[in-house]
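Here the structure is laid out as structure tokens; the discussion comes afterwards.
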Amino acid sequence: MRYLLTLRYLGTAYHGWQVQDNARAIQPIIQDALCEMFPQRPGVTGCSRTDAGVHANMYCCHFDSDLIRDPYGVVCAVNRRLPNDIAATACRVVPNDFHARYSVKAKEYVYVIYNGAHRDPFYHGRAYHYRFPLRVEAMDRAARDFVGTHDFSAFCAERAKEGDKTRTVMNARVERQGDLVRFTVTADGFLYNMVRIMVGTLLRVSEGKIPPDGIPAIVQSRRRKNAGPTAPAEGLYLNRVFYE
């Protein structure tokens, strides 16, 4: 049987999802937690790799087992063994051809900026503290030019693997709620550091270093140096994963 497990986690203490030799990752912690109900320690396949320090409001992974278990019981058992910064929220049985990564139709990321004048310890590690005034309307205007099917080479880390860098962005917007500014973007896929580079570019728009209508030219250039810097990881959340 194939099970789909849904998680939430704070990524501050972890070097991303993927198991690593010399760093603490989330994947092996989930495998260990599953051992209470699945003694053979099933392999776990995630919907995405996340960078060190990145969070998830919704993260999906699948695993296989010959054992039949009640999905609700799986959630309860896993949560008993997970640390406080990771939680299972749901589990269900899925078809054997379902794949947590390759069956994804779209993902939504949210980047959170704490725009207060002074640092707030309650947002430490959970939002990027940017203390200068933000021109949110200009950032939102610029963000909407990400929408569409484009080659996003300019918004991809230079050390990323070669390959097709065309992605379709369905939605991109910037909104303010008090001292919090959120960039939300939905796409059929994302390149390495793509969202964080988008945010760094939008901050350059706010600073007046890139015009609000400058995004199309940057996209068309396909050159990383024309986009803004890579924003810090702590503000980034995988927010939703969409399946058929």
Practice prompt. Give the distance, in whole Å, between the Cα centre of region 1-52 and the Cα centre of region 111-183.
Written response: 26
Worksheet entry | Leading residue at positive end of dipole, the chain (Cβ point charges), from Val241, Tyr109, Asn79 | Tyr109
Discussion item. I need the Debye-formula profile for region 49-158: one equal scatterer per C-alpha, no solvent, reported as log10 I(q)/I(0) at q = 0.15, 0.22, 0.24 1/Å, two decimals.
Written reply: -0.99, -1.37, -1.47
Response to the item:
A convex hull over the alpha carbons of region 2-94 yields, per residue, a volume in Å³ of 83
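As an exercise, use a Förster radius of 22 Å and the Cβ-Cβ distance of Arg8 and Thr149 to find the FRET efficiency, rounded to the nearest 0.05.
Numbers: r = 31 Å, r/R0 = 1.39.
About 0.10, to the nearest 0.05.
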Practice prompt. With only alpha-carbon atoms counted, please give the Rg and Dmax of the chain, in Å.
Written response: 19.0, 59
Response to the item:
For the chain, cysteines with no other Cys Cβ under 4.7 Å from their own Cβ are listed as Cys35, Cys61, Cys76, Cys91, Cys156
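Which net charge results when you count Lys and Arg as +1 and Asp and Glu as -1 among the other residues whose beta-carbon is under 12 Å from that of Cys91?
Working: positive: Arg2, Arg69, Arg92; negative: Asp70.
Every neighbour counted, the sum reads +2.
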Practice prompt. Using +1 at the Cβ of each Lys and Arg and -1 at the Cβ of each Asp and Glu in region 105-243, identify which of His118, Gly178, Val219 lies farthest towards the dipole's positive end.
Written response: Val219
Item to complete: Place a +1 charge on the Cβ of each Lys and Arg in region 37-147 and a -1 charge on the Cβ of each Asp and Glu, then give the dipole magnitude about the Cα centre in debye, rounded to the nearest 20.
Response: 200
Item to complete: At 0.36 nm per residue, minus the direct Cα-Cα distance, what do Tyr102 and Phe122 gain on full extension? Give it in nm, one decimal, please.
Response: 3.6 nm
Worksheet entry | Approximate spin-label separation Phe132-Ile68, in nm, with each point projected 7 Å along Cα-to-Cβ | 6.2
Worksheet item: How compact and how long is region 105-243, expressed as Rg and Dmax of its alpha-carbon atoms in Å?
Response: 14.2, 42
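Read the figures in this text as sums done on the coordinates, not as results from a lab. Predicted model only: the values in this text are computed from it and were never measured. Cβ sites come from the backbone with ideal geometry, for glycine too, and all protein chains shown count toward neighbours.
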